[in-house]
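Working notes, structure below.
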Amino acid sequence: MFTDPRHERRASAEEANAAIRALVTAQGGRAWSADDLAELGRLRAEWLAAVRAQVTTAA
């Protein structure tokens, strides 16, 4: 099994966006915990990396 992080599959921008939307929807208006905010930050970073990769590829 490959454990080298350079070979991990990255989420597409659409997949990352869907994960962000699911997390926000699951909150249901409740206050965000530190863990929730950390997960949101991780997902946002994943989305941003995917968007940047698309722009780099297109350029």
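The values are calculated or read from the model by the stated rules, or taken from the named source; none is laboratory data. This structure is a prediction, so every number in the text was calculated from the model and none was measured. Positions of Cβ are backbone-derived with ideal geometry, glycine not excepted, and every protein chain shown enters the neighbour counts. Only protein heavy atoms, including side chains, enter the accessible area calculation; ligands, DNA and RNA are left aside. Shrake-Rupley method; radii C 1.70, N 1.55, O 1.52, S 1.80 Å.
For the range 17-59, with every protein chain kept in place, what is the accessible area per residue (1.4 Å probe, Å²)?
That works out to 74 Å² per residue.
For residue 27 paired with residue 55, estimate the spin-label separation in nm (one decimal), with each label point 7 Å from Cα along the Cα-to-Cβ line.
2.4
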